[in-house]
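Below: the structure, in structure tokens.
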Amino acid sequence: MANVQTYLEYNDPLTIIFRSGSPTDPYKDRADSLPVINNMITLLEIPSKSDRVTIAGMTEIDQEVFENRPSLLPTEFLVNYSIGAIQVHSSLEGTAQLCRYKGKGLIMYPASRIYALTNRNPDVVVTLQDYIEEIQRKLNETYDGITRLESTILHSVEVTERAILATDNANQATEKAETAAKLAQSAYDTTRLVFLEPVATLQDIPSKYPTPLVGWTVQTYKDGKRYRYDGSRWIEIDIFGSNLQVVNEYKDGLMSIAEHLKLKSFPIELKERVIAFSLPDAVQGIIENFIVFPFKGEITELSGYCATSGELVTILSLEKTRDLKNWSEITDRRLQFEPNQNFDDKKVTFRNINVEKGDIFRINLTQQGLGINNLTIALKIKI
């Protein structure tokens with residue numbers, strides 16, 4: 001290494017910072033988890049030889065023992081107390097080991113004594129100090145370049161300001177056009193209606209349409225209400241059918257004048273009334289379609305059918321109340337539609353056939369067969 005003397009003048013001494021180990025300046029207890037690299041562990045401080053180094057599950061051996069060995073065992077380690085290096089078995093490569101020792105301090109080397117062989121033709125040595133000086137020179141050149149760049153940027157800013165001033169009038173015209181476009185878009189957003197497939201209730205809308213757009217409109221078929229998404233929430237906009245007029249002798253409404261007159265011609269003394277529940281799109285659970293019976297009477301018959309049968313069994317009950325709080329089933333056996341059957345052809349018996357004026361009836365669909373649709377439940381009451 002002929003070039004070593006050129007780069008290393010031996011005028012930068014080592015700096016050693018050691019504790020004395022006295023009660024006023026004791027060695028420092030260290031417990032460092034350190035990696036194994038090239039079969040070596042490099043401690044963060046120089047260890048005290050008298051206090052030794054310990055590694056859990058491993059045994060330290062002396063240099064004299066190691067010299068008579070071809071290699072270390074996986075549970076053995078050898079410590080160089082002068083430089084703070086630990087040699088271990090190659091099987092521990094890449095692992096982390098917890099090393100406990102008392103730290104005496106540090107040995108700090110000057111940058112002029114840390115070298116690198118840049119190539120082998122011949123052995124050229126470059127010190128860390130050389131690299132630091134080269135980096136500083138490059139930084140100085142960079143600072144000069146930044147100063148020139150800042151001057152160029154300042155000139156560009158002046159040119160840009162003149163260009164911005166020249167485009168102000170064009171920007172004002174553009175803003176007016178954008179304002180007009182926003183007003184038109186706002187009018188479009190507030191009136192746009194995109195009708196989607198209906199759901200059962202308002203609570204079902206977020207799960208059916210989790211990422212809605214402005215104007216999406218969904219109807220809930222349990223109550224006929226329509227909801228429109230305004231960009232942040234679903235707003236009720238109308239109730240389907242609320243604008244239908246009641247029929248009278250002079251004007252059609254929910255039925256024609258002829259149907260109205262025919263209905264009025266029926267004799268009032270008819271003795272049997274029918275409560276019919278029409279469930280085109282029934283969903284399992286309590287059907288919130290209550291019917292109040294206005295007469296006193298006796299139940300004579302309960303029957304049901306469906307236009308489209310289900311693939312599995314469907315079970316429902318008819319319940320009665322007077323206060324909308326306490327409901328009771330009126331039959332000993334619930335109506336039951338077997339798979340692929342359109343009728344419940346088994347006769348039911350009633351727990352109490354008496355009906356008082358003002359009794360309220362509802363359907364409880366306790367089990368819904370897959371695919372069943374258009375249910376109709378009829379309750380006959382003799383008055």
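Within segment 345-364, the residues that satisfy the criterion of being modelled with pLDDT under 90 and among the polar types (S, T, N, Q) are THR349, ASN352.
Condition first: exposed (fewer than 10 other Cβ atoms within 10 Å of the Cβ) and among the charged types (D, E, K, R). Can you find one or more residues in segment 201-220 that meet it? There is no residue in segment 201-220 that is exposed (fewer than 10 other Cβ atoms within 10 Å of the Cβ) and among the charged types (D, E, K, R). Of the residues making up segment 314-332, those that are in contact with a strand residue (DSSP E or B) (Cβ under 8 Å, 6 or more places away or on another chain) and either assigned to a loop (DSSP other than H, G, I, E, B) or basic (Lys, Arg) (or both) are LYS320, ARG322, LEU324, TRP327, ILE330, ASP332. Would you confirm whether any residue within segment 94-104 is under 53 Å from the mean Cα position of the chain (by Cα), exposed (fewer than 13 other Cβ atoms within 10 Å of the Cβ) and either farther than 25 Å from SER48 by Cα or modelled with pLDDT under 75 (or both)? Looking for residues that are under 53 Å from the mean Cα position of the chain (by Cα), exposed (fewer than 13 other Cβ atoms within 10 Å of the Cβ) and either farther than 25 Å from SER48 by Cα or modelled with pLDDT under 75 (or both), one finds at least one in segment 94-104, hence yes.
Residue-level check: of (1) over 30 Å from THR220 (Cα atoms); (2) part of a loop (DSSP other than H, G, I, E, B), THR300 misses just (2).
Reported count of residues in segment 40-60, each being under 8 Å from CYS99 (Cβ atoms) and surrounded by 20 or more Cβ atoms within 10 Å (Cβ to Cβ), is 4. Filtering segment 61-103 to residues that are outside any loop (DSSP other than H, G, I, E, B) and either among the small types (Gly, Ala, Ser) or in contact with a helix residue (DSSP H, G or I) (Cβ under 7 Å, 6 or more places away or on another chain) (or both) leaves LEU78, ALA85, SER90, SER91, ALA96, GLY103. For TYR227, the conditions (1) more than 26 Å from PHE290 (Cβ to Cβ); (2) touching a strand residue (DSSP E or B) at 6+ places or on another chain (Cβ under 8 Å); (3) surrounded by 15 or more Cβ atoms within 10 Å (Cβ to Cβ) all hold with the exception of (1).
Screening LYS320 with (1) more than 16 Å from LEU379 (Cβ to Cβ); (2) surrounded by 14 or more Cβ atoms within 10 Å (Cβ to Cβ); (3) charged (D, E, K, R) gives one miss only, at (1). Where strands (runs of 3 or more DSSP E) sit wholly within segment 1-60, those with at least 2 residues that are more than 14 Å from LEU78 (Cβ to Cβ) and modelled with pLDDT under 90 occupy 15-18. Condition first: out of contact with any strand residue (DSSP E or B) (no Cβ under 7 Å at 6 or more places or on another chain) and either not assigned by TED's automatic domain parsing to the domain that holds ILE286 or not aliphatic (A, V, I, L, M) (or both). Can you find one or more residues in segment 357-364 that meet it? Yes, segment 357-364 contains a residue that is out of contact with any strand residue (DSSP E or B) (no Cβ under 7 Å at 6 or more places or on another chain) and either not assigned by TED's automatic domain parsing to the domain that holds ILE286 or not aliphatic (A, V, I, L, M) (or both).
Regarding segment 333-347, can at least one residue be identified that is over 30 Å from LYS225 (Cβ atoms) and assigned to a strand (DSSP E or B)? Among the residues of segment 333-347, at least one is over 30 Å from LYS225 (Cβ atoms) and assigned to a strand (DSSP E or B), which makes the answer yes. On inspection, ASN364 fails the criterion of being in a strand (DSSP E or B) and on the phi > 0 side of the Ramachandran plot.
Could you say whether any residue in segment 180-194 is modelled with pLDDT of 80 or more and either surrounded by fewer than 13 Cβ atoms within 10 Å (Cβ to Cβ) or within 30 Å of LYS382 (Cα to Cα) (or both)? Yes, segment 180-194 contains at least one residue that is modelled with pLDDT of 80 or more and either surrounded by fewer than 13 Cβ atoms within 10 Å (Cβ to Cβ) or within 30 Å of LYS382 (Cα to Cα) (or both). The numbered conditions (1) surrounded by fewer than 13 Cβ atoms within 10 Å (Cβ to Cβ); (2) out of contact with any Asp or Glu (no Cβ under 9 Å at 6 or more places or on another chain); (3) closer than 30 Å to ASP130 by Cβ are all true for ASN80 except (1). In segment 330-365, of all residues being buried (at least 16 other Cβ atoms within 10 Å of the Cβ) and of a type in the set (A, V, I, L, M), the one that is farthest from ILE299 (Cα to Cα) corresponds to LEU365. Of all residues in segment 303-328, those that are under 23 Å from THR220 (Cβ atoms) and charged (D, E, K, R) total 1. Only residues that are at positive phi and surrounded by fewer than 17 Cβ atoms within 10 Å (Cβ to Cβ) were counted in segment 83-93, giving 0.
The values are calculated or read from the model by the stated rules, or taken from the named source; none is laboratory data. Source: prediction; values computed, not measured. Backbone-built Cβ (ideal geometry, glycine too); neighbour counts: all protein chains shown.
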